[in-house]
Amino acid sequence: MKFATLGGGCFWCTEVIFKRLKGVLSVTAGYAGGEGEDPTYETVSSGNTGFAEAVQIEFEPEIISFKHLLDVFWAMHDPTTLNRQEADAGTQYRSVIFYRDDEQRKTARQSKERMENSGKLRSKIVTEIIPLQKFYTAEKYHQNYYEKNRDLNPYCTLVIDPKIEKLLNIFNKDVKEEFKINLQGSDT
């Protein structure tokens with residue numbers, strides 16, 4: 001097993017996307033890249049800690065590579081907006097790849113360069129590529145947030161559902177079978 005740690009805006013959005021991919025064993029919402037110990041949602045939300053909302057992805061590299069996880073990462077958020085993803089604004093929502101070793105650093109830099117040269121983006125990528133110092137697991141109520149709150153929080157249907165539809169449209173072959181239904185419940 002291997003691990004990847006990525007920040008692409010709200011961790012509720014990022015978690016729900018990566019947990020749907022074949023080869024991903026688990027996705028944990030949390031915080032990385034800041035100063036201090038034991039960050040909380042309240043302190044991170046202040047924007048003063050330097051922590052980003054991030055996800056830690058446990059994956060099987062024989063099934064899905066770190067490179068392919070990054071392909072999904074680039075497609076599922078806007079890496080050209082500094083400290084913002086849609087309505088979520090602040091340093092805690094920045095685009096960031098936390099590498100764990102030289103291989104991940106090299107792969108992340110190459111992936112970023114490919115994306116910058118692809119012509120798919122209208123602006124320059126602002127995604128940070130920095131070493132992971134420590135990952136802190138977010139509070140329990142943030143884990144599997146979408147599944148627990150889809151019918152309770154309009155954010156889920158307004159922001160997360162379109163991301164899931166985009167995932168199904170772009171990466172359908174990579175999505176686990178149990179998630180290959182559209183949001184109305186019929187097969188895709």
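Laboratory data are not the source of any read-out in this text; all were calculated from the coordinates shown. Note that the coordinates shown come from a computational prediction; the quantities given were computed from them, not determined experimentally. Because the Cβ atoms are built from the backbone with ideal geometry, glycine has one as well, and the counts that use them run over all protein chains shown.
Annotations
- Start at zero, step by 5 Å, and the Cα-Cα distances of the chain spread as 1, 8, 17, 22, 23, 17, 10, 3, 0, 0 percent across the bins.
- Protection proxy ranking of 116-129, 74-87, 16-29 - average other beta-carbon atoms within 10 Å, highest first: 16-29, 74-87, 116-129
- Alpha-carbon centroid distance for the pair segment 118-185 / segment 46-84, whole angstrom: 10 Å
- Fully extending the segment from Y41 to R100 would add 18.9 nm, taking 0.36 nm per residue of separation and subtracting the current Cα-Cα distance.
- The Cα trace of segment 1-110 gives Rg and Dmax of 13.3, 39 Å, the first to one decimal, the second as a whole number.
- The relative contact order of the chain comes to 28 percent, based on Cα pairs under 8 Å that sit 6 or more residues apart.
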